[in-house]
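Undergrad: Got a structure here, written out as structure tokens. Questions coming.
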Amino acid sequence: MSRYWSDIVSQLTPYVPGEQPKIDGLIKLNTNECPYGPSEKVLAAINGHNTEALRLYSDPQALALKEAIADYHGLSVAQVFVGNGSDEVLAHAFMGLLKHDAPLLFPDISYSFYPVYAQLYGIQTRPVALAEDFSLRVDDLLAVGKNGGIIFPNPNAPTGIALPLTEVERLLQANPDSVVVVDEAYVDFGADTAATLINRYPQLLVVRTLSKSRALAGLRVGYALGHPDLIEALTRVKDSFNSYPLDRLAIAGGVAAMQDLEWFESTRQRIITTRERLVAALEARGAQVLPSAANFVFAQFPGRDGAALAAGLREQRVLVRHFRRPERIAPFLRITIGTEAQTDALLAALDVVLAAAP
Ligand code: PMP
């Protein structure tokens, strides 16, 4: 290709999402979705929606949703930003809050969208190596010194390891001058939220999603919590890009999801219970499983090839996620917590694969 836009094709390396298979009957444990359907109240809000109103634009402020989120967290509407999935919220944060003359810091093993956004928006980066045990060390982040922002998931992905809130706070105290983004996509499965620190640290942005613990990955709703100045900056970026990021159905379903506390509590507890059973069953089969506070586990079977295990499981019609790079995590499988029946099927498939020669 010789045209000027071919530069994009040759220079931009996009994020590669996990497979969304077109084949029926696969047990899908590869992209950390919720194995249970969303709350009945969400379905009722969407089904009962006045579809004739779809000819009208949605509320550009998505005020009803912001109010429901603000109520849930005990914050004000001015401290809430909403977007089309947390990926879009993160993209706006990269665009508006993280572009500086010093490098953006993030763990070297982390959500692989971060380097993609950084490249897209021309942001310098400095990956910070995880410790030997795959935990994130605040001292290692602080040791870098001047930075143009810090971003990390808590719990981290794909490791599942949580950073204690005291450590998040220590980082905020020692890093007052640049934005710290805590990506809490998986926080509801066992980590402590930094949302409780919002009123004390004006440089803190907490990013959340309804995709995991509220079973709405297909509705595309994410949000951020932070000081009104940070939220205003994000809103200006959004309004310069797409002033109607959420459609009417997403707003209606999102409100119901934030309000159905009973469904939320029982579903996340169910997933945590299944996770504990899966961890024990994997360990009984010789796996090394990193301590998970998420709706997935990251596990390796010493001496076994991660790619071959993932391929073997696929032959047994079970889909898990395997990352070839960085090399340090190539032996691992990232396995989403499924239903109890899916977990039984996974373990049965694993027994077949492990019984075959390595
Ligand atoms: N952050 C992390 C750490 C994730 O793993 C994901 C899911 N791939 C997201 C953000 C984005 O989720 P969504 O866009 O569905 O809200």
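Undergrad: Having 2 or more residues that are within 20 Å of the chain's Cα centre (by Cα) and within 21 Å of Arg220 (Cα to Cα) is the bar; report the helices (runs of 4 or more DSSP H) wholly within region 21-138 that clear it.
TA: 63-73, 85-97, 113-120
Undergrad: Now, a different point. For region 153-190, name all the residues that are within 16 Å of the ligand (Cβ to nearest atom), farther than 24 Å from Ser76 by Cβ and hydrophobic (A, V, I, L, M, F, W, C).
TA: Across region 153-190, the qualifying residues are Ala157, Ile161, Ala162, Leu163, Phe189.
Undergrad: Still on this structure, please answer the following. Using beta carbons and a limit of 9 Å, which pairs, at least six apart or on different chains, have the first residue in region 174-200 and outside the structural domain of His92 (by TED's automatic domain parsing) and modelled with pLDDT of 95 or more and the second one among the hydroxyl-bearing types (Ser, Thr, Tyr) and away from the ligand (no atom under 14 Å from the Cβ)?
TA: That search, which allows pairs on different chains as well, returns nothing.
Undergrad: For region 291-308, name all the residues that are surrounded by fewer than 23 Cβ atoms within 10 Å (Cβ to Cβ) and of a type in the set (A, V, I, L, M, F, W, C).
TA: Result: Ala293, Phe301, Ala307, Ala308.
Undergrad: Moving on to the next point. So for region 54-69 (the condition being within 13 Å of the ligand (Cβ to nearest atom), closer than 25 Å to Ala293 by Cα and in contact (Cβ under 8 Å) with a residue 60 or more places away in the chain), does at least one residue qualify?
TA: No, that holds for no residue.
Undergrad: On the given criteria, is Leu261 at pLDDT 95 or above and more than 26 Å from Glu184 (Cβ to Cβ)?
TA: no
Undergrad: I would also like to ask the following. Hey, among the residues in region 191-225 that are basic (Lys, Arg) and closer than 21 Å to Ala68 by Cα, which one's farthest from the ligand (Cβ to nearest atom)?
TA: Filtering first and then ranking leaves Arg214.
The values are calculated or read from the model by the stated rules, or taken from the named source; none is laboratory data. Just so it is clear, the model here is predicted, and its values are computed rather than measured. Using ideal geometry, Cβ is built from the backbone for each residue, glycine included, and neighbour counts are taken over all protein chains shown.
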